[in-house]
Amino acid sequence: MTRHGGQLLVESLVALGATKAFGVPGESYLAVLDALHDTKGKLDFVNCRNEGGAGFMAAAWGKLTGEPGICMVTRGPGATNASIGVHTAMQDSAPMLMFVGQIGTDMRGREAFQEVDYKAVFGTMVKWAVEIDDVERIPEVLARAWKTAVTGRPGPVVIALPEDMLTTPTDKPALTGLTSYPEAHPAPDSVAKVRRILSEAKRPLILYGGCNWSREGAQALQGFAEASDIPVVSVFRYQDQVDNGSICFCGEAGVGMTPAVRKLITEADVILAVNNRFGENSTDGWTLLNVPVPQQRLIHVHASDLELGKVYQPELGIHCGHNAFAQALAADPDPVKGDWAAWRAGARAAWEAGFELGDLPSPVDMGKVTVHLQDVLPADAILTNGAGNFTVWPNKFFRFGPEARLLAPQSGAMGYGVPAAIAAKVADPDRTVVCFAGDGDFQMNCQELATATQFGAQPIILILNNGIYGTIRAHQERNYPARVSGTDMDINPDFVALAKAYGFHAEKVETTDGFAAAFDRALASKTGAVLELIISPEALTPRVTLSQMRESALKAKETA
């Protein structure tokens with residue numbers, strides 16, 4: 001059967017299991033769009049308003065589902081706009097495929113219109129960057145790209161598609177199905193060594209990360225920790241992978257790390273690290289463990305051999321799948337025992353104490369709002385956020401049960417929360433999805449509300465409006481107190497009117513007492529909802545006001 005390369009590509013994507021593609025149309029890949037005309041209901045194209053939003057949606061899809069998020073963009077500006085999603089997928093270890101329409105093969109090297117060398121531009125940002133010059137190789141490259149995205153440490157792959165290659169006729173057969181890549185299992189003697197090293201500890205700790213946990217793997221890790229009474233800490237923004245209600249869950253190692261979590265890591269004498277890449281945020285700039293040989297005895301388990309020994313040299317490095325490892329570790333009915341019950345109990349108590357807050361100096365008190373959300377949200381709610389001080393509420397003050405999920409960028413990218421929430425609603429329309437966004441963060445991708453309405457994927461969005469770029473202001477007041485520059489947002493749109501223009505239910509909430517009823521209406525809305533919450537800049541952090549930051553920094557300068 002002869003058809004053009006765009007059809008061969010789409011047929012192969014359907015065979016691999018792709019069901020949604022997020023993108024912005026471009027003339028450079030019209031042949032692909034033509035092929036997508038015939039796959040509605042099997043592989044749907046979600047037409048976004050900006051390539052950055054499309055990239056974030058694809059990255060969030062990969063993080064939520066474990067399958068590659070598909071992003072399709074045009075050459076040059078389209079690809080560079082979408083690069084923020086690619087970077088986020090890489091730092092999140094989330095599987096993603098970005099297809100980029102490319103100039104014709106006969107024009108390369110002349111700086112043609114919108115020409116970009118994608119292997120050079122994206123080579124350090126992705127697991128693999130490739131250009132398909134020969135239409136006959138589409139199935140081969142796609143199969144390898146899919147496998148690369150989902151195996152080892154998952155991540156993004158960029159595939160450039162020259163326009164003339166896509167329009168070339170071919171009778172090459174498409175892929176016919178998805179190949180399975182089961183996780184590698186640990187050797188029995190490796191599991192035995194892990195149990196022995198843990199049994200020799202006085203203060204053991206389990207530190208886990210990564211988004212591609214199966215329910216069975218996460219439950220096995222949690223079950224082993226509970227049976228052995230070992231504290232468990234997640235890396236930055238992966239606390240949703242273990243039930244926060246477990247007596248062994250003791251917090252998150254990330255931005256704004258609590259003193260209790262920092263103490264846990266530094267004072268541990270054995271750390272079992274499972275599926276984490278030892279990033280900057282989870283190690284406080286690589287200071288909590290000595291580089292390259294930690295003061296703690298370190299066991300590191302990862303599916304990618306490139307992560308083992310990359311920064312820290314483990315006493316025992318195990319190259320295998322983390323889900324398979326957790327299940328093998330938990331398969332022995334005998335727990336690992338030691339004299340560390342008080343160590344675990346103290347860590348859990350310190351985490352619990354972190355939820356205690358007084359009243360905040362703000363028209364809407366986010367401490368009380370978060371408590372209400374904890375009470376009324378369904379057990380399987382999905383929370384999303386971008387970047388800013390406001391993320392402390394979903395990231396540090398919400399307890400994730402075994403069914404709840406958090407979609408938040410390890411890259412610290414502003415603007416992720418809204419597209420991620422839309423992607424979550426596309427993936428699972430019946431789940432409640434709540435996005436936390438600052439006023440600056442929201443405006444990075446607020447135009448994607450149109451995408452949400454067009455595709456019936458309208459989440460609930462909470463805009464925490466304090467009129468400033470809060471995170472940068474906090475750093476500014478600590479380092480250059482009373483010298484405000486570039487962090488005020490004197491003009492914001494009418495967020496309620498804007499949201500209504502996009503077809504959302506919308507309200508402004510000006511008091512804490514008004515939130516509960518407004519959120520009830522948001523939950524009942526069939527068109528999603530945007531609630532603008534009026535927040536005082538003084539309530540920039542849960543425990544230190546903006547004025548206190550400034551006064552403390554001024555006093556420090558006076559005494560320096």
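Filtering Lys147, Lys172 for residues that are over 21 Å from Ala331 (Cβ atoms), assigned to a helix (DSSP H, G or I) and of a type in the set (D, E, K, R) leaves a single hit, Lys147. Scanning the range 186-204 for residues that are in contact with a Gly (Cβ under 9 Å, 6 or more places away or on another chain) and among the hydrophobic types (A, V, I, L, M, F, W, C), which turns out nearest to Asn323 (Cα to Cα)? Taking the candidates together, the pick is Leu198. Checked against (1) farther than 21 Å from Ala553 by Cβ; (2) outside any helix (DSSP H, G or I); (3) small (Gly, Ala, Ser), Ser485 passes all but condition (1).
Conditions (1) at pLDDT below 95; (2) in contact with a strand residue (DSSP E or B) (Cβ under 7 Å, 6 or more places away or on another chain); (3) closer than 21 Å to Ala145 by Cα, marked per residue:
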residue	(1), (2), (3)
Met1	yes, no, no
Glu11	no, no, yes
Ala18	no, yes, yes
Gly23	no, yes, yes
Tyr29	no, yes, yes
Leu36	no, yes, yes
Thr65	no, no, yes
Ile70	no, yes, yes
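Can you spot a residue in the range 492-510 that is at pLDDT 95 or above, among the β-branched types (Val, Ile, Thr) and either within 21 Å of Met414 (Cβ to Cβ) or loosely packed, with under 13 Cβ neighbours inside 10 Å (or both)? No, that holds for no residue.
In the list Asp164, Asp92, Asp171, which residue meets the criterion of being among the acidic types (Asp, Glu), modelled with pLDDT of 95 or more and within 22 Å of Ala15 (Cα to Cα)? Before you say what the answer is, go through the steps one by one.
Working: Asp164 fails: within 22 Å of Ala15 (Cα to Cα); Asp92 fails: within 22 Å of Ala15 (Cα to Cα).
Sole residue among the options that is among the acidic types (Asp, Glu), modelled with pLDDT of 95 or more and within 22 Å of Ala15 (Cα to Cα): Asp171.
The residues on offer are Thr453, Thr541, Thr545, and the sole one that is within 16 Å of Cys435 (Cα to Cα) and touching a residue at least 24 places away in the same chain (Cβ under 8 Å) is Thr453.
In the condition set (1) modelled with pLDDT of 95 or more; (2) more than 21 Å from Gly338 (Cα to Cα); (3) not in a helix (DSSP H, G or I), Leu272 is compliant with all but (2). Among the residues making up the range 282-314, a single one is within 21 Å of Ala218 (Cβ to Cβ) and assigned to a helix (DSSP H, G or I): Ser282. For the condition assigned to a helix (DSSP H, G or I), in contact with a helix residue (DSSP H, G or I) (Cβ under 7 Å, 6 or more places away or on another chain), surrounded by 13 or more Cβ atoms within 10 Å (Cβ to Cβ) and outside the structural domain of Gly256 (by TED's automatic domain parsing), Ser547 qualifies.
Being under 21 Å from Leu360 (Cα atoms), more than 28 Å from the chain's Cα centre (by Cα) and among the hydroxyl-bearing types (Ser, Thr, Tyr) holds for only one residue in Thr511, Thr471, and it is Thr511. Name the single residue, out of those in the range 74-97 being under 16 Å from Pro419 (Cα atoms) and among the aliphatic types (A, V, I, L, M), that is surrounded by the most Cβ atoms within 10 Å (Cβ to Cβ). Filtering first and then ranking leaves Ala89. Per the listing Thr559, Thr512, Thr527, Thr541, the residue uniquely among the β-branched types (Val, Ile, Thr) and farther than 21 Å from Ile463 by Cβ is Thr559. Among the numbered conditions (1) within 17 Å of Lys63 (Cβ to Cβ); (2) surrounded by 23 or more Cβ atoms within 10 Å (Cβ to Cβ), the only one that Met165 does not meet is (1).
Just the residues that are of a type outside the set (Phe, Trp, Tyr) and either without any contact (Cβ under 8 Å) to a residue 24 or more places away in the chain or outside any loop (DSSP other than H, G, I, E, B) (or both), please, taken from the range 319-333. Please lay out each step first, then the result.
Pass one, the range 319-333, residues of a type outside the set (Phe, Trp, Tyr): 319-324, 326-333.
Hits for the range 319-333 are His319, His322, Asn323, Ala324, Ala326, Gln327, Ala328, Leu329, Ala330, Ala331, Pro333.
Applying the criterion of being within 21 Å of Val301 (Cα to Cα) and among the hydrophobic types (A, V, I, L, M, F, W, C) to the residues of the range 323-350, the residue that is surrounded by the fewest Cβ atoms within 10 Å (Cβ to Cβ) is Ala331.
Here Gly528 fulfils each of the conditions (1) at positive phi; (2) free of Cβ contacts under 8 Å to residues at least 24 places away in the same chain; (3) not aromatic (Phe, Trp, Tyr) apart from (2). Could we say that Gly514 is out of contact with any Ser or Thr (no Cβ under 8 Å at 6 or more places or on another chain) and buried (at least 19 other Cβ atoms within 10 Å of the Cβ) here? Judged against the criteria, Gly514 is not a match. The condition (being of a type outside the set (S, T, N, Q), surrounded by fewer than 20 Cβ atoms within 10 Å (Cβ to Cβ) and not in a helix (DSSP H, G or I)) is satisfied by just one residue among Val130, Val158: Val130.
Among the helices (runs of 4 or more DSSP H) confined wholly to the range 4-90, which include 1 or more residues that are in contact with a Pro (Cβ under 7 Å, 6 or more places away or on another chain) and in contact (Cβ under 8 Å) with a residue 40 or more places away in the chain?
On the way: elements: 5-16, 30-36, 51-65.
Those helices (runs of 4 or more DSSP H) span 5-16, 51-65.
Okay, residues lined up against (1) touching a residue at least 60 places away in the same chain (Cβ under 8 Å); (2) over 15 Å from Ser547 (Cα atoms):
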site	(1), (2)
Ile460	yes, yes
Ile463	yes, yes
Tyr469	yes, yes
Arg478	yes, no
Pro481	yes, no
Gly486	no, yes
Asp494	no, yes
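Selection of the range 220-256 for residues being out of contact with any strand residue (DSSP E or B) (no Cβ under 8 Å at 6 or more places or on another chain) and closer than 14 Å to Thr283 by Cβ yields only Val255.
The values are calculated or read from the model by the stated rules, or taken from the named source; none is laboratory data. Keep in mind it's a predicted model, so treat the numbers as computed, not measured. FYI the Cβ positions are ideal-geometry reconstructions off the backbone, even for glycines, and counts take in every protein chain you see.
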